[in-house]
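The values are calculated or read from the model by the stated rules, or taken from the named source; none is laboratory data. The structure presented is a predicted model; accordingly, all values stated were derived computationally and were not measured. Neighbour counts run over all protein chains shown; Cβ positions are idealised from the backbone, glycine included.
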Amino acid sequence: MAFERRTKEAQPVLAICYDFDKTLSPDDMQAQGYIQSVGYDIGPFWAETNHLAQENDMDTNLAYMYKMVQESEGKLIFSRESLAGYGAKVKLFPGVLQWFERIRAYGKEHGVIVEHYIISSGLKEMIEGTEIAKNGVFEKIYASSFYYNARGVAVWPAQVINYTSKTQFLFRIEKGVLDINDPGVNDYFPPEEMRVPFRNMVYIGDSDTDIPCMKLVNAYGGHSIGVYDPQTGNREKVHRMILDGRIRYVAAADYSENQELDRLVKAIIDKTAAYEKLESQYFCDMAEAKKTGEIIDKRM
Ligand SMILES: [Mg+2]
């Protein structure tokens, strides 16, 4: 089987990776129609899934996915299409609709290829139903998803993505080994062949499940941003994250032009353009020195 692989581009690539719930959307995606349609209030639904997880030493995502399958029985057809339908109703933070193309265009003007990726513990099928995904703005959506039987009904988890398992996708993006089953993610790549070195990654998230990714991106010279709901203005979580060294920047989840987040990401693009010019000069000079071999001979 041929996997989708991408190799290093002539221009630097800046990968912007987004969590979904409470990063691009103000609430959990399941709480914006699905939970209500199976006759639950939001609080009790999550309380029951958390209880299920605790009682059975179960992953919390697997618990909510099991609960969704169970609660749908006899109430709705739990298919890819119905999940996409719930996804279409998911609200987005201000400016999200115009954000992706505007930032991509800004990158292009400055010689940087901007790519957008989703890395979410939420449901891929719902994210695929959102207007932004339908517009094709994402290179890849990495999220939890279901396996469907012959009648198209979800019966089993196909992927479950949480905490440290989110980090796997950063390594896939780094190497351009994007297919979720491609074992090439563990191959060795020399630094100059990395398609998207970590320093050219931006991770935008809001909470605990994002911490391993944020920490990793930060530790390797990339840019982690913690966002908070501009409506409530509650910055407690993101302030804790910056104090704990998980993120470098805090911004309201307002994706409109000239807002804090817009200015911040454009500054990261400017920095990337300048830095990568120097970096490619360094790789050129190094390659030249290796080719001549003079120094190596004299040293031996
Ligand atoms: Mg989130």
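Could you tell me whether any residue of the range 72-80 is hydroxyl-bearing (Ser, Thr, Tyr) and under 30 Å from Ala219 (Cα atoms)?
Within the range 72-80, none of the residues are hydroxyl-bearing (Ser, Thr, Tyr) and under 30 Å from Ala219 (Cα atoms).
Just for the range 115-133: of the residues that are within 13 Å of the chain's Cα centre (by Cα) and within 14 Å of the ligand (Cβ to nearest atom), which one is nearest to Thr167 (Cα to Cα)?
Among those residues, the one meeting the criterion is Ile119.
So how many residues does the range 62-77 have that are within 20 Å of Gln159 (Cβ to Cβ) and of a type outside the set (Val, Ile, Thr)?
So the count comes out to 9.
Checking the condition in contact (Cβ under 8 Å) with a residue 12 or more places away in the chain, closer than 17 Å to Asn61 by Cα and not aliphatic (A, V, I, L, M), which residue from Gly107, Gly122 passes?
Gly122
Provide a single number: the residues in the range 205-224 that are within 16 Å of the ligand (Cβ to nearest atom) and either among the small types (Gly, Ala, Ser) or not in a helix (DSSP H, G or I) (or both).
Residues meeting the conditions: 4.
Under 9 Å between Cβ atoms, which residue pairs at least 6 apart in sequence (or on different chains) link something in the range 160-183 that is basic (Lys, Arg) with a partner that is assigned to a helix (DSSP H, G or I) and surrounded by 16 or more Cβ atoms within 10 Å (Cβ to Cβ)?
Lys166/Thr209; Lys166/Asp210; Lys166/Pro212; Lys166/Cys213; Arg172/Val185; Lys175/Val185
Cβ-Cβ under 7 Å, sequence separation 6+ or interchain: first residue in the range 1-26 and free of Cβ contacts under 8 Å to residues at least 24 places away in the same chain and farther than 19 Å from Gly176 by Cβ, partner small (Gly, Ala, Ser) and assigned to a loop (DSSP other than H, G, I, E, B). Which pairs?
Close Cβ pairs (under 7 Å, with a partner that is small (Gly, Ala, Ser) and assigned to a loop (DSSP other than H, G, I, E, B)) do not exist here.
When you look at Val202, is it within 16 Å of the ligand (Cβ to nearest atom), modelled with pLDDT of 95 or more and surrounded by 16 or more Cβ atoms within 10 Å (Cβ to Cβ), yes or no?
yes
Return the residue satisfying two criteria in turn: it lies in the range 238-259 and is among the charged types (D, E, K, R) and surrounded by fewer than 16 Cβ atoms within 10 Å (Cβ to Cβ), and of such residues it is farthest from Val13 (Cα to Cα).
Per the stated criteria, the residue is Arg240.
Let me confirm something: among Gly184, Gly176, which residue is at pLDDT 95 or above and of a type in the set (Gly, Ala, Ser)? Walk me through it before giving the result.
Details: Gly184 fails: at pLDDT 95 or above.
Matching residue, one of Gly184, Gly176: Gly176.
If Ile35 meets every condition in (1) within 24 Å of Ile161 (Cβ to Cβ); (2) in contact (Cβ under 8 Å) with a residue 12 or more places away in the chain; (3) not in a loop (DSSP other than H, G, I, E, B) apart from one, which number is that one?
(2)
Scan the range 18-70 residue by residue and report those that are more than 13 Å from the ligand (Cβ to nearest atom), among the hydrophobic types (A, V, I, L, M, F, W, C) and out of contact with any strand residue (DSSP E or B) (no Cβ under 7 Å at 6 or more places or on another chain).
Matches in the range 18-70: Ile35, Val38, Ile42, Phe45, Trp46, Ala47, Leu52, Ala53, Met58, Ala63, Met68.
Here is a yes/no grid of residues against (1) free of Cβ contacts under 8 Å to residues at least 24 places away in the same chain; (2) more than 17 Å from the chain's Cα centre (by Cα):
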{"site": "Ile204", "(1), (2)": "no, no"}
{"site": "Cys213", "(1), (2)": "no, no"}
{"site": "Pro230", "(1), (2)": "no, yes"}
{"site": "Gly233", "(1), (2)": "yes, yes"}
{"site": "Val238", "(1), (2)": "no, yes"}
{"site": "Asp270", "(1), (2)": "no, yes"}
{"site": "Tyr275", "(1), (2)": "no, yes"}
{"site": "Leu278", "(1), (2)": "yes, yes"}
{"site": "Gly293", "(1), (2)": "yes, yes"}
